[in-house]
Each structure stands twice: as C-alpha cells, then as structure tokens.
Amino acid sequence: MTRPLIVIFIAIVLDAVGIGLIFPILPSLLKEVTHTDNVAPFIGIMTALYAAMQFVFAPVLGALSDRLGRRPVLLISLGGAAINYLLLAFAPNLLVLFIGRAIAGLTSANISVAMAYITDISPEEKRARRFGLFNAMFGIGFIIGPVLGGALGDHWLRLPFIAAAVLNGCNLLLALFILPESRTPSREKLDLSALNPLAPLRWVFSVKSLLPIIVIFFIFSATGEAYGTCWALWGGDTFQWNGLWVGLSLGTFGVCQTLAQAFLPGPAVKLLGERGAILTGVASVGAALIVMALATESWMIFAIMPVFALGGIGVPALQALATGEVDDSQQGQFQGVLVSVVSLASIVSPLAFSSFYFAVREQWPGAIWLSVVVVYAIAVPLIFGLRLGRKPAAVG
C-alpha cells in the first residue's frame, strides 16, 4: 500500500471518529438548548440544512478539485469541519447550532475529494477493493467515535464536540504536511459555468448509463439518513439507553461493518456478481431492520449487527461501476455531483423520517425501521435493471 493511500485512509478514520463522537449525545444537546423533550424535528432540520448546503457546494468543490488539485479543496473542507464542531461545542442557542451545521455543509467535500483521490492513484481493477477499504476505514472510525463520544458526553455534554474539533485539526495538519497532491492542477482558465451547481447535474444526467446507479445511490442515501436521525432517539425511547449505550451500539455496528467492508466486497462480487452483491446487501439490511422494529430487548440489536453490516457489501461494487462510466479527467466533478445527488435525498429524508418518528414515537418507536424497509424495496427493480458491462472478476 502506497504512502498517499495510507495517509488518506488515516484521514478518513479521523474524520469518522469526529463524526461518530457527536451521534450519541446530539439529542441531549438539543434538549438542553431547546428545553423540549421531543427533539426529532430539530435533528431532522439540522441534518437537512447540512445536506442543502452540501447539495449546492459539493459539485463546485468537486469541479475545483479537478482544476486546482485535490489537496487545497480537502484542506478547506477540514477547516470548515473544525469550525463547525467548535460552534457546536460552545453554542448558546439553536441558531448557532444551525450556523455551525451550515458551515460544515458548505465545506463538506472531504469524502468526495478523498474518493476522487483514490480514483487518481488506483488502477481500475483495484478500485472496488480500495473503495471497500475506504468504507472499512470509515467503519474503524465509527468503532471508536460513538463509544468515546458516549463516554465523554456522559461526563460533560459539550466535551465530544471539542474532541471532534481537535481531531479535525489533526486531520488538517496531516493533509497539510504529509499528503501529496494526486492530480496536476489544470492550467486552463476556470469556466465560471462550472461553479453553477445545477450545470454538473445536467452533465451527469445526460449520461444515460449512470441514471439507474444515481437513483440507487439516492435511495441508499435516503435510507441511511434514518439511522443518523433516529438511532439515538429510538435507543433511548425503546431501551432507555444513555449516551454510552448508544455509543456502544454504534461501535458494535462499526466493528461488524469494518470486517465486512475490509474482506467481503471483492469476494462477494466475484461470487455473486455486481448485481447479486447489491441485492444481497439490500436483503441483509431489510432482515435486520425487521428484527430491530420488533425487538424488545437490547441484546437482540447487538445480535443482529453482523447481518446489518452485510448491507454494505454491494456499495463498493456500485462505486467502482460508476467510476468506470466517467473519464479520469472528470472524476472529481463526478464524485462531487454524486455527493450532491445523494444530498438531495439527505435534504428530504431527515425531515420525512423525523416527522414519521415524531408520529409513531408514543405508540411504536420501532415502526421507523419498517418505513426504511419500504424505501429500500423501491431500489430492487432498479438493481435488477442495471446493465453491467464489466465482468465481476475485473471488479474484485
């Protein structure tokens, strides 16, 4: 493994730790700031605000990374994340919390730029495995982050946000002093039309072979937002979990996800094919969500985690399939657009899932997971309709 790849993976781990730190205690912070007990709508609004800013600016930053290089855009993104966590740490009211999330969304190019960076330095036949390792690194961060965040939050509610700001500062220094540039900056004059966030969307939607893939990413993102929006609330309402137990549950999922993403994507694609790997992932998540919806004891959630984590085995194949449809000179733009398309789901989905959770919380909190299964089901016909031009062996 090359040094740049090691550095980018370390950066992803630190980024995931920072994100994971705040998940267990964000509901408690919102309760403290808003002086109300049911904060599901506020979590939905904060998540949607982040996604709205990301939708507007991710394609712009992605296009800039194609022209200026990956490194400058990554540094801007990491700086914005550090500012966001500091504002969350010392926010006296809800308005400051919203401002912090808006800044984080505006500069949130770190994931898309990191993926473009991996594409730059990886031959096509190694991309699926490296995207799998990329997701595994994120999983490692999610093992550490939620557990640490829950423990720190039980000690002092604001402490996890300070820790997240420090981690992002370390990430910034790592990228600044160690990470080399992966792409020679273009000498062409920057076309101002490329800064229009809708222009790249028109470009990507003109490539018909990408449309089913984009819609599937959209659906997967929509379902993914349910966990960030409702997990901590559901754990507290159903099992009376405190911050530490929420963190332990997310950390357990992180362990299972890391193992699955590190070892299974390549063999799964070779054995099942790209379509089979994606369908197996959807089926695994659906089964786990049904168990979660009906669970009456905490141990059931921990027992189902390995099945739940299998849901990610098809995503690296889908990512590699998508990158193969785009010219190398446009990978940054495409990854930015993909983040932007996914952000469209992230704008609508948190508002929808938080509203649904608000409605079912008193009667059956677990019903939220059945609603996620319904959304997943919409993707199944699209997956069957994918036209796969490459042989599975070339992806693994």
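The values are calculated or read from the model by the stated rules, or taken from the named source; none is laboratory data. These figures come from a predicted structure and were not determined experimentally. All Cβ positions, glycine included, derive from the backbone under ideal geometry; neighbour counts span all protein chains shown. Remember, those area values only see protein heavy atoms, side chains included, never the ligands or the DNA or RNA. Shrake-Rupley method; radii C 1.70, N 1.55, O 1.52, S 1.80 Å.
Here the simple spin-label model places points 7 Å from the Cα toward Cβ, and for Trp156 and Lys208 these points are separated by 6.1 nm.
With contacts taken as Cα pairs under 8 Å and at least 6 residues apart, the chain reaches a relative contact order of 30 percent.
Comparing Cα centroids, the stretch 1-77 and the stretch 87-151 end up 5 angstrom apart.
If I compute solvent accessible area with a 1.4 Å probe over the protein chains, what percent of it on the stretch 24-63 is carbon and sulfur? In the stretch 24-63, the share of accessible area belonging to carbon and sulfur is 66 percent.
Per-residue accessible area for Leu14 at 1.4 Å probe radius, Å² rounded to 10? Roughly 40 Å² of Leu14 is accessible to a 1.4 Å probe. Where (1) 120; (2) 132; (3) 143 are the candidate values, the label of the one calculated here for volume of the Cα convex hull per residue in Å³ is (1). Computed from the C-beta positions of Val215 and Ala359, the FRET efficiency with R₀ = 45 Å rounds to 0.95.
Computed with a 1.4 Å probe over protein heavy atoms only, the accessible surface of the chain comes to 40 Å² per residue.
Sequence gap at least 6, Cα distance under 8 Å: using those rules, report the relative contact order of the stretch 77-162 to the nearest whole percent. Numbers along the way, then the final one.
Values: 57 pairs, mean separation 29.5, N = 86.
Relative contact order of the stretch 77-162: 34 percent.
Of the residues Cys230, Cys170, Cys256, the one with the largest accessible area comes first in the ranking Cys170, Cys256, Cys230, computed with a 1.4 Å probe on protein heavy atoms. Shown for the stretch 215-311: the carbon plus sulfur share of the solvent-accessible area, taken with all protein chains present and a 1.4 angstrom probe, equals 72%. Across the stretch 1-129, C-alpha contacts under 8 Å between residues 6 or more apart give a mean separation that, scaled by the residue count, equals a relative contact order of 28 percent. Ranked from largest to smallest solvent-accessible area, with a 1.4 Å probe on the protein heavy atoms, Glu125, Glu225, Glu181, Glu274 come out as Glu125, Glu181, Glu225, Glu274. Take Val291: with every protein chain present and a 1.4 Å probe, its accessible area is about 50 Å².
Counting 0.36 nm for each residue step from Val380 to Asn242 and taking away their Cα separation leaves a gain of 46.1 nm.
Go through Lys31, Lys208, Lys126 and list them by solvent-accessible area, largest first, probe radius 1.4 Å.
Largest to smallest exposure gives the sequence Lys208, Lys126, Lys31.
Using a cut-off of 14 Å between beta-carbons, work out the net charge of the residues near Ala175 (Lys and Arg +1, Asp and Glu -1, Ala175 not included). Neighbourhood net charge equals +1. Working note: Karplus 6.51/-1.76/1.60 with θ = phi - 60° gives the stretch 44-55 the couplings x, 5, 4, 5, 5, 5, 4, 5, 5, 5, 5, 4 Hz, where Gly and Pro are set to x.
On the beta carbon distance between Leu294 and Leu259, with R0 = 25 Å, the FRET formula returns roughly 0.45.
For the stretch 65-168, what class follows from the C-alpha gyration tensor (a ≥ b ≥ c being the square roots of its eigenvalues): rounded when a/c is under 1.5, otherwise prolate if a/b is larger than b/c, else oblate? Oblate, because a/c is 1.5 or more while a/b does not exceed b/c.
Among Gln257, Gln319, Gln363, the largest mean-square fluctuation in a Gaussian network model of the chain (Cα springs under 10 Å) belongs to Gln363.
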